[in-house]
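In what follows, a single structure is set out as structure tokens and then discussed.
A short reminder: the numbers here are calculations on the coordinates, not readings from a lab. Keep in mind the model is a prediction, meaning the values are calculated, not measured. Glycine gets a Cβ as well: all are built from the backbone with ideal geometry, and neighbour counts include every protein chain shown.
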Amino acid sequence: MCGIVGAVAQRDITPILLQGLKRLEYRGYDSCGVAVYADGELKRARSTQRVAELEREIQAEQLSGYTGIAHTRWATHGAPATHNAHPHFSSQGKGPARIALVHNGIIENHDELRTELQAAGYVFESQTDTEVIAHLINHLYAGDLFEAVQQATRRLTGAYAIAVFCRDEPHRVVGARHGSPLVVGLGNNENFLASDALALAGTTDQIVYLEDGDVVDLQLARIWVVDGQGRPAERPAHTVHVHTGAAELGPYRHYMQKEIFEQPRAVGDTLLDIESITPELFGDAAYKIFKDIDNVLVLACGTSYYAGLTARYWIESIARIPVNVEIASEYRYRDSVPNPRTLVVTISQSGETADTLAALKHARSLGMEHTLTICNVATSAMVRECKLAYITRAGVEIGVASTKAFTTQLTALFLLTLALAQVKGRSTDEQEAEHLKALRHLPVAIGAVLALEPQIMDWADRFASKENALFLGRGMHYPIALEGALKLKEISYIHAEAYPAGELKHGPLALVTEHMPVVTIAPRDELLEKLKSNMQEVHARGGELYVFADADTRIGSSEGIHVIRMPEHYGKLSPILHTIPLQLLAYHTACARGTDVDKPRNLAKSVTVE
């Protein structure tokens, strides 16, 4: 969600801060700001526009400095407004600002701290929980910023990543994290902070990942880390090569379109030229763990949750292992019945999703220690927390609405299905070979579906004037219908809902009129004839059907029934293929409606707060 960049150097760091903010724009934000130490005082610029507008303001004011912090904010406390934008300042009485601070996360005890600080004479200029932290650090400051931050964080309840600097110690930036990601970038007589290593690409490739509870002191020639108990902590540096070329739009209109068309490559990279299925694809201890488990629990949010729902059909059908799929934000707060022989699978694009991380820790606290993550970031908290992992190779995904991250998650989950089936003795060599053959052909098959774009664009023009839509699927394609509806509402702002087609007569059919487009996923599988009956229920009531049908389903276009034929039926992997046209339909509908496709309103890319 929100983005942090900080630096202490012997050169003007405003270009570094601005470049970092630009690289973090994909996460979603509604305001941005920069603060630097210049001419003996703290100076800042803030904007509720894009980072490009902030950059123009900084250039106009000739703002520069050797120490500074920057932020993109996604509003939680207080409306998107300049006075609520970060960085926040704290002053000594009516004097000049002494403390500058940026913050990701949510401070749950901000009300009681605000009351205490107001009683001490502090005046609040914003409605944010963040300003509370700035004033608290100022209140505790006695000449050592590092010590003041340590004292302050002990009083905070909630999630946070912060970067702070002080007018009285101009060559020092202090950071702290609990529940929100924060990394350190190492340079030559300069050091950096960021919420994402991508922000520091091109500045440094030496990255230190902070752990929960860490407080870090950045100075020109050194960094110093202590853990949550105040003990010195060694955090190793990793060489991280972030490909900034992924953030270049190239010939595409939007990043989402680019990422849709990158899926053949992303899926191919995720498969890693796999020659055979082995449990060790998921880690050295995978065989022992897979042998020991008797059920699977999937924890995820949003699009990743739909990937888990799809995987349930695969794992139960092929590996014959019971699967529960839970929304992470619900699971962590309900009473459940733990089973120590459960494989807990988390799915996350960023590996920093707050609710999924908390749900994982909750599952472990209940005695379920067999953990595995499907994740796109090898250095993320999720990977570090789990015993096993499979890293998808989607690359950087800029568009807020997930596309290639989803299809690579599905690819990894199908590999997991085959590995579990192998260990449990539920598949033959011949069956495994057939599945591997289908997987290797997947990038080519996705490319063939992408060729349907012109036909889908025609449908999008019709959808652009609608305000509601239904999506129908059956069996393992029902979660794909859910994902298709999510994509449409995320970026076009059309209200869309998905249902198992057999549920139509239990309520949703009441909504069907000639004004309600009904998108239907129609693969050639054992449920096809049932699905055709459901389609007739819609057609008989004047509903407009838009059907993505496999070539041999014998579903033809007629009055009120519009059909786009998929290139081929793809068996168990059909959900991955049917995802692609739904992504294109959402994308082109949003384009036709003129929405901000890559940065839809009110949404953020990486949800690192509860």
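Give, to the nearest whole percent, the P(r) tail of the stretch 483-574 beyond 16 angstrom, counting all Cα pairs.
Working: 2340 of 4186 pairs.
The share of Cα pairs beyond 16 Å in the stretch 483-574 comes to 56 percent.
Binned at 10 Å from 0, what are the whole-percent values of the Cα-Cα distance distribution for the stretch 3-242, short to long?
8, 37, 40, 14, 1
If each residue of separation counts as 0.36 nm, what is the full-extension length gain between LYS424 and ARG384 once their alpha-carbon separation is subtracted?
Working: separation 40, 0.36 × 40 = 14.40 nm, distance 2.68 nm.
Length gained, LYS424 through ARG384: 11.7 nm.
Quantify how much of the Cα-Cα distance distribution of the stretch 193-292 extends past 22 Å, in percent.
Values: 2971 of 4950 pairs.
In whole percent, the long-distance tail amounts to 60.
Work through the residues other than ALA97 whose Cβ is under 10 Å from its Cβ and net out their charges, Lys, Arg +1 and Asp, Glu -1. Show your work: numbers first, answer last.
Values: positive: LYS43, ARG44, ARG98, ARG167; negative: GLU41.
So the environment of ALA97 carries a net charge of +3.
For the peptides 227-235, 498-506, 353-361, what is the packing order when you average, over each peptide's residues, the other Cβ atoms within 10 Å and list the highest mean first? Before the final figure, lay out the partial values.
Values: 227-235: 12.0, 498-506: 19.1, 353-361: 23.8.
Output ranking for 227-235, 498-506, 353-361: 353-361, 498-506, 227-235.
Check which residues have an amide H placed less than 5 Å from THR373's amide H, if you skip close sequence neighbours.
Residues meeting the amide H criterion: THR346, LEU388, ALA389, TYR390.
Lys and Arg at +1, Asp and Glu at -1: add these up for the other residues within a Cβ distance under 11 Å of SER574 and post the number.
Values: positive: ARG524, LYS572; negative: ASP525, ASP550, GLU568.
Counting the neighbours of SER574, the net charge comes to -1.
Can you compute log10 of I(q)/I(0) for the stretch 117-157 with the Debye formula, treating each Cα as one identical point scatterer, at q = 0.20, 0.27, 0.31 Å⁻¹?
Treating every Cα as an identical point scatterer, log10 I(q)/I(0) equals -0.59, -0.96, -1.11.
Which residues' amide hydrogens lie under 5 Å from the amide hydrogen of LEU343, considering only partners 5 or more residues apart or on another chain, with H built in the peptide plane?
ASP294, ASN295, VAL296, LEU297
Taking θ = phi - 60°, what integer Hz values does the Karplus form 6.51 cos²θ - 1.76 cosθ + 1.60 yield along the stretch 584-597, in sequence order, with x for Gly and Pro?
Those phi angles translate into 5, 5, 4, 4, 6, 5, 4, 4, 5, 8, x, 7, 7, 4 Hz.
What is the angle, in °, between the Cα long axis of helix 130-140 and the longest principal axis of the Cα atoms in the chain? Nearest 10 is fine, range 0 to 90.
So the helix axis and the longest Cα principal axis differ by about 30 degrees.
Out of the trypsin sites (Lys or Arg not before Pro) in the stretch 1-67, which ones are loop residues according to DSSP with at most 13 other C-beta atoms within 10 Å?
Details: sites: ARG11, LYS22, ARG23, ARG27, LYS43, ARG44, ARG46, ARG50, ARG56; in loops: ARG11, ARG50.
Counting only loop positions with at most 13 other Cβ atoms within 10 Å, the trypsin sites (Lys or Arg not before Pro) in the stretch 1-67 are ARG11.
List the relative contact order of the stretch 196-280 as a percent without decimals, with contacts defined as Cα pairs under 8 Å and 6+ residues apart. List each step's numbers first, then the result.
Working: 64 pairs, mean separation 21.5, N = 85.
Computed over the stretch 196-280, the figure is 25 percent.
Tally Lys/Arg at +1 and Asp/Glu at -1 over every other residue whose Cβ is under 13 Å from the Cβ of LEU220; what's the total?
Summing Lys and Arg as +1 and Asp and Glu as -1 gives 0.
Working only with C-alpha atoms, what are the Rg and Dmax values of the stretch 247-450, expressed in angstrom?
16.5, 52
In whole angstrom, how long is each semi-axis of the equivalent ellipsoid of the chain, when you take the square root of 5 times every eigenvalue of its Cα gyration tensor and sort them from largest down? Present the calculation step by step, with values, prior to reporting the outcome.
Working: eigenvalues 408, 152, 92 Å².
Working from the Cα gyration tensor, I get semi-axes of 45, 28, 21 Å.
Quick one: helix 14-24 against the long Cα principal axis of the chain, what's the angle to the nearest 10°, folded into 0 to 90?
The angle comes out near 20 degrees.
Note down the relative contact order for the chain as a percent, whole number, built from C-alpha pairs under 8 angstrom at least six residues apart. Intermediate values should be presented prior to the final figure.
Numbers: 1390 pairs, mean separation 73.4, N = 610.
Dividing the mean separation by the residue count of the chain yields 12 percent.
Below 8 Å between Cα atoms, with a sequence gap of 6+, how large is the relative contact order for the stretch 247-450 in percent? All intermediate terms of the calculation are to be shown ahead of the outcome.
On the way: 360 pairs, mean separation 62.8, N = 204.
Reported as a whole number, the value is 31 percent.
Once phi is turned into ³J(HN,Hα) by the Karplus curve 6.51 cos²θ - 1.76 cosθ + 1.60 with θ = phi - 60°, what whole-Hz value does each residue of the stretch 380-390 show in order, with x for glycine and proline?
Those phi angles translate into 7, 4, 4, 5, 5, 7, 9, 6, 10, 7, 10 Hz.
Mind listing the long-range amide H neighbours of ALA38? Cut-off is under 5 Å, sequence gap 5 or more, other chains count too, H placed in the peptide plane at 1.01 Å from N.
LYS43
Grab the eigenvalues of the alpha-carbon gyration tensor for the stretch 451-610, scale each by 5, take roots, and send me the semi-axes largest first in whole angstrom.
Working: eigenvalues 114, 61, 52 Å².
Equivalent ellipsoid semi-axes, largest first: 24, 18, 16 Å.
For the stretch 424-472, which GluC sites (Glu not before Pro) are both in a DSSP coil and crowded by at most 14 other Cβ atoms within 10 Å?
Values: sites: GLU430, GLU432, GLU434, GLU467; in loops: GLU467.
Within the stretch 424-472, the qualifying GluC sites (Glu not before Pro) (loop, at most 14 other Cβ atoms within 10 Å) are GLU467.
As an exercise, find the ratio Rg/Rh for the stretch 180-241 from alpha-carbon atoms, using the Kirkwood inverse-distance average for Rh.
Values: Rg = 11.0 Å, Rh = 11.7 Å.
Ratio of gyration radius to Kirkwood radius for the stretch 180-241: 0.94.
What list of ³J(HN,Hα) couplings, whole Hz, do you get for the stretch 555-571 from phi and the Karplus terms 6.51, -1.76, 1.60, once you set θ to phi - 60° and write x for glycine and proline?
9, x, 6, 7, 4, x, 10, 10, 10, 10, 8, 6, x, 7, 8, 10, x
Determine, for each peptide in 443-453, 179-189, the mean count of other beta carbons within 10 angstrom over its residues, then list the peptides with the highest first. Don't skip to the end; give the middle numbers.
Details: 443-453: 17.3, 179-189: 21.5.
Highest mean packing first, the order is 179-189, 443-453.
Tell me, what is a quarter of the convex hull surface for the C-alpha atoms of the stretch 308-379, in nm² with one decimal? Don't skip to the end; give the middle numbers.
Numbers: hull surface 20.0 nm².
Projected area, direction-averaged: 5.0 nm².
Tell me the angle of helix 404-423 to the major Cα principal axis of the chain, expressed in degrees between 0 and 90 and rounded to the nearest ten.
70
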